[in-house]
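Here is the structure we will look at.
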Amino acid sequence: GEDVEQSLFLSVREGDSSVINCTYTDSSSTYLYWYKQEPGAGLQLLTYIFSNMDMKQDQRLTVLLNKKDKHLSLRIADTQTGDSAIYFCAESSLRGGYNKLIFGAGTRLAVHP
Amino acid sequence: KAGVTQTPRYLIKTRGQQVTLSCSPISGHRSVSWYQQTPGQGLQFLFEYFSETQRNKGNFPGRFSGRQFSNSRSEMNVSTLELGDSALYLCASRTGVETQYFGPGTRLLVL
């Protein structure tokens, strides 16, 4: 089946690293994504990783993929107050025709001074 | 390049009415997908259109429909509105397999 799970809340101090975790069940998942949603806004694509990769780094963002455990994580280095938002993990798969994203419930990241 | 645009941004309707939402994809993107976001159900896929054809559909009743025009702009329609249809409706466009870019959404409130 298709299911994506995330913890619902994470609180970090400004300047620390944040790690948001996600697990998925569809073994045919091919692309895995991280989106950011600020209050009253749509979804902003942060980064994505192809399933044959283990890691992807983009400035302050590092994505780690453990395909064996179906576990995805997003690390935000030097977290700032502007990073406070809801972060969604999503997957797309051949089964879904690649065009259908399955989202987790979202992790609310709160950054405090 | 301009991003995905959605109109209107906010709508208030009453039960039983119908509503049409519009989405203009990023220039050159031929695929448009629609998602519904609610506090209870989260983000759920509604349908996807490519070259004016519906390619995939989520588990929503037939009251939810859509279409795509030759210029790739898309509309979705919800007939006989119910209170539970209150949601943020998001449109996304893409050109390749790997990325979908979302618009700001239309917030629909059904009274």
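The values are calculated or read from the model by the stated rules, or taken from the named source; none is laboratory data. Keep in mind it's a predicted model, so treat the numbers as computed, not measured. Reconstructed Cβ throughout: ideal geometry from the backbone, glycine too, with neighbour counts over all protein chains shown.
Of all strands (runs of 3 or more DSSP E) completely enclosed by segment B:7-111, which ones contain at least 3 residues that are closer than 16 Å to A:Ser92 by Cα?
Details: elements: B:10-13, B:19-24, B:31-38, B:42-50, B:53-57, B:64-68, B:74-78, B:87-94, B:106-110.
Ranges flagged: B:31-38, B:42-50, B:53-57, B:87-94.
Take segment A:1-42 and flag every residue that is at pLDDT 95 or above, within 15 Å of the chain's Cα centre (by Cα) and of a type in the set (A, V, I, L, M).
Across segment A:1-42, the qualifying residues are A:Leu10, A:Val19, A:Ile20.
Please determine, by comparing only the residues of segment A:90-113 that are within 11 Å of chain B (Cβ to nearest Cβ) and more than 17 Å from B:Ser33 (Cβ to Cβ), which one is surrounded by the fewest Cβ atoms within 10 Å (Cβ to Cβ).
The extreme case among them is A:Ala105.
From the list B:Gln18, B:Gln37, exactly one residue is touching a Leu at 6+ places or on another chain (Cβ under 7 Å) and over 27 Å from A:Lys36 (Cα atoms). Which is it?
B:Gln18
In segment A:7-42, what residues are among the β-branched types (Val, Ile, Thr) and in a loop (DSSP other than H, G, I, E, B)? Break it down into steps so the answer makes sense when it comes.
If we filter segment A:7-42 for residues that are among the β-branched types (Val, Ile, Thr), which is where we start, we get A:12, A:19-20, A:23, A:25, A:30.
If the condition is that a residue be among the β-branched types (Val, Ile, Thr) and in a loop (DSSP other than H, G, I, E, B), then A:Thr25 is the only one that fits.
Count, please, the residues in segment B:94-111 that happen to be crowded, with 16+ Cβ neighbours inside 10 Å, more than 10 Å from every other protein chain (Cβ to nearest Cβ) and at pLDDT below 95.
So the count comes out to 0.
Quick one: which residue in A:Ser18, A:Ser28 is away from chain B (no Cβ under 11 Å), crowded, with 18+ Cβ neighbours inside 10 Å, in contact (Cβ under 8 Å) with a residue 40 or more places away in the chain and hydroxyl-bearing (Ser, Thr, Tyr)?
On the way: A:Ser28 fails: crowded, with 18+ Cβ neighbours inside 10 Å.
Every option except A:Ser18 fails the conditions.
What's the number of the only condition in (1) under 14 Å from the mean Cα position of the chain (by Cα); (2) more than 9 Å from every other protein chain (Cβ to nearest Cβ) that B:Leu90 fails to meet?
Going through the list (1) under 14 Å from the mean Cα position of the chain (by Cα); (2) more than 9 Å from every other protein chain (Cβ to nearest Cβ), B:Leu90 breaks only (2).
Restricting to segment A:64-82, what's the tally of residues that are under 24 Å from A:Pro39 (Cβ atoms) and crowded, with 18+ Cβ neighbours inside 10 Å?
3
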